[in-house]
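Values quoted throughout were computed directly from the atomic coordinates according to the rules given, and no laboratory measurement underlies them. Small disclaimer: the values here were computed from a predicted structure and weren't measured. Here Cβ is always computed from backbone atoms with ideal geometry, including for glycine, and neighbour counts include all displayed protein chains.
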Amino acid sequence: MNTLIRSTVALLALPLVLAGCGGSSPDASGGQAGADGCVTDYAEGRDYFPDKSTVTESELWKITYHNSYKTITLTDTENTDGPELKYVLYQCGTPRPEATGDLEGALVVQVPVTNVSVTSFNALAMVDRLGKNKTITGLSGQLLGNAGKDEWYAGVAEAAGKPMSIGEYTDLDKEAVLGLGNQVILMSGFGKGFDDISNARAAGMPGVSVSNRLERHAPASAEWIKMVAAFYNAEATANTEFDKIKGKYDEVVSTVSDKIDNRRAGYLCIAPERGCEFLHGHGSETLVGRLLSRLRVDNVFAPDNPAPNGRPYDFEKAVGTAADADFFIVYDPMKTTRATLAGDPRTSQFRPFRENNFIAGVDENFEECRAKSYLDVDVLVRDFALGLAPELFPGAKGTCFARAS
């Protein structure tokens, strides 16, 4: 894994009144804003961020406000033994802070951003929820390709106005990124063993880590919408959306509390074309593993599986681990799951597959759900609870997961 080179992104010399700023709302703290949203009468000591976010759930990032700039500090999930990542976001029309002292090595970004690329499907869902699709000028080839087969992706791409491909998240097209003049690239932080963001920063591209899927708990993952919102000065919107998600999440957990007993379940994928051979199960340390614990369900893949993204199992190991499971949550599409089960008779060794007691991803909008599930954790927990205890939700149907029978 390459060591992250944290060099300050080179910017053109900026006058006090800067062009190209997004947004048009007047500054609520008394400072005037021009037609482009930039401050036109900067005064030292004035608070230019009337809307702020407080981190209440996440264990991976924090934000502080300093009148004309704000600082986001987060765990470098790719290099956990290294220093934290820092992003300094300064209000358009105010002086650019120097990346020295405590800010040394930070990526310095003028906000609100108006020109971004996205390679993280979770981040794309957050940008969409914030109503900022028009700022997207570039997408990874995978995300752009999804626009040809998924209605939600197509709508995002249309609202963005023909974004161009910037390569894949593992192999970004530096020429395309620099040609677009992106202020940030919102990228997935997959954790130890990956170096996508490290490589992007080392190449001089403004990669920003969105590591929500590595959070220990579901609400903490959803709270990353506040982190993304900070780049847009959209904290008020993010706070509102997060509160809605958290409220619905808590309601589902309360509904099933002490009502799901003695269940042995597992969260897994089985489709070889999606990289799952024989199966890949999530243990106790993944976000979903902890979600099962929150529902007071025994996770059959918990033993000897501490990896933050789960681990693969061959047939023999899978049988020895999940032989007593009574329910599975399969994160492959239902059609693909059915085809895999039909093509591999060994899967009948598992009671949930033998008795059709499992849920799998919906076929029609699978890609949309894949993007949104770690943001809409209220929907995720409801789908799990509905699969485990349908009697508690009479007449209800899953949103992103469907029952096999």
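Quick notes on this structure:
- For segment 257-403: rounded, prolate or oblate by the Cα gyration tensor [a/c cutoff 1.5]: rounded
- In the chain, the DSSP-assigned H stretches of four residues or longer account for a calculated mean residue ellipticity at 222 nm of -8500 deg cm²/dmol, using -39500 (n - 2.57) per stretch and the full residue count as denominator.
- Computed E for ALA176/SER284 - FRET, C-beta separation, R0 45 angstrom, nearest 0.05: 0.65
- Shape category assigned to segment 61-245 from the gyration tensor of Cα positions, a/c cut at 1.5: rounded
- Debye log10 I(q)/I(0) for the chain, one point scatterer per Cα, at q = 0.09, 0.10, 0.11 Å⁻¹: -0.57, -0.69, -0.83
- Computed from the C-beta positions of ARG403 and GLU59 and an R0 of 30 Å, the FRET efficiency is 0.35 to the nearest 0.05.
- Options TYR90, VAL109, LEU392, ranked by Cα towards positive dipole end of the chain, top entry (Cβ charges): LEU392
- Rg and Dmax over the alpha-carbon atoms of segment 102-167 stand at 12.9, 46 Å.
- Each Lys and Arg adds +1 at its Cβ and each Asp and Glu adds -1 at its Cβ; summed about the Cα centre, segment 257-403 shows a dipole of about 180 debye.
- For segment 133-202, trypsin sites (Lys or Arg not before Pro) are listed when DSSP marks them as loop and at most 13 other Cβ atoms sit within 10 Å of their Cβ; the list is LYS149.
- In a simple Cβ point-charge model (Lys, Arg +1; Asp, Glu -1; nothing else charged), segment 61-245 has a dipole of about 420 debye relative to its Cα centre.
- The chain - charge dipole about Cα centre, Lys and Arg +1 at Cβ, Asp and Glu -1, debye rounded to 20: 460
- A simple spin-label model places pseudo-atoms 7 Å from Cα toward Cβ; at GLU158 and GLU273 they are separated by 2.7 nm.
- Amide H contacts for ASP298 (H built 1.01 Å from N in the peptide plane; partners 5 or more residues away or on another chain; cut-off under 5 Å): ARG263, ALA265.
- Between SER348 and GLN142, full extension at 0.36 nm per residue minus the direct alpha carbon distance yields a gain of 70.8 nm.
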